[in-house]
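One structure below.
The values are calculated or read from the model by the stated rules, or taken from the named source; none is laboratory data. Given the structure is predicted, the values throughout are model-derived calculations rather than measurements. Methodologically, a virtual Cβ is constructed for each residue, glycine included, from the backbone with ideal geometry; neighbour enumeration extends over all protein chains shown.
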Amino acid sequence: MGDPASPARGRFVDGYLLYLLARASSIASAEFHEELRGLGVPVPVWRVLASLKGTPGLTIGELARRCLANQPAMSKTVEKLVAGGLVTRIADENDRRRVWVRLSDEGESRVDTLIARAEVHQARLVETIGEDEAEALRIALARVVEKASAKPASDC
């Protein structure tokens with residue numbers, strides 16, 4: 001019996017999906033995040049703007065979940081975006097405790113520019129693995145997200 005860490009047997013993490021997913025995300029995101037920094041756009045701001053694109057608005061809690069942030073941090077990010085004129089906050093008509101966050105016209109324009117850059121970055125990644133594999137990956141990852149999203153979560 002050989003060494004369990006030997007290259008012939010392989011390391012556990014080399015086939016562990018969660019490790020591979022996290023590592024691939026980190027590597028694939030690093031270049032784009034650097035581009036964002038060069039534009040003076042913090043990654044949390046990008047995530048909020050991109051998450052709001054194509055929606056009528058999201059609650060702070062939903063934004064926090066989609067943007068991989070905790071609710072207090074998301075509230076601070078939204079405050080900065082409101083002050084910068086990129087988003088607006090609107091109280092829910094049926095529940096005054098619930099606040100909807102929506103892109104402003106300026107936010108729409110800004111996110112469109114950022115999305116165009118993200119699409120260029122994504123195209124380079126897709127070129128690396130091919131369109132068919134990229135589509136299979138999109139489908140598989142969407143299933144993982146959908147399944148995780150189906151679990152009950154607290155309303156915000």
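Within the stretch 75-95, residues that are farther than 20 Å from Gly40 by Cα reach partners that are charged (D, E, K, R) with beta carbons closer than 6 Å, at six or more positions or on different chains, in the pairs Thr88/Arg102; Asp92/Arg98.
Considering the conditions (1) within 23 Å of Ala64 (Cα to Cα); (2) in a helix (DSSP H, G or I); (3) at pLDDT 95 or above, Gln122 is excluded by exactly one of them, (1). Kindly evaluate Glu146 against the criterion of being surrounded by fewer than 10 Cβ atoms within 10 Å (Cβ to Cβ) and of a type outside the set (A, V, I, L, M, F, W, C). In short, yes. Note on the stretch 1-94: enclosed helices (runs of 4 or more DSSP H) holding 1 or more residues that are surrounded by 10 or more Cβ atoms within 10 Å (Cβ to Cβ) and aromatic (Phe, Trp, Tyr) are 17-38, 43-52.
Residue pairs whose Cβ atoms lie under 6 Å apart, sitting 6 or more positions apart in sequence or on different chains, and linking a residue in the stretch 109-126 that is more than 14 Å from Ser51 (Cα to Cα) and without any contact (Cβ under 8 Å) to a residue 40 or more places away in the chain to a partner that is of a type in the set (A, V, I, L, M, F, W, C) and surrounded by 15 or more Cβ atoms within 10 Å (Cβ to Cβ), are Val126/Ala134. Looking at this structure, is Arg117 part of a helix (DSSP H, G or I), in contact with an Asp or Glu (Cβ under 7 Å, 6 or more places away or on another chain) and surrounded by 10 or more Cβ atoms within 10 Å (Cβ to Cβ)? The answer is yes for Arg117. Scanning the stretch 37-73 for residues that are of a type in the set (A, V, I, L, M, F, W, C) and touching a Gly at 6+ places or on another chain (Cβ under 8 Å) yields Leu49, Leu52.
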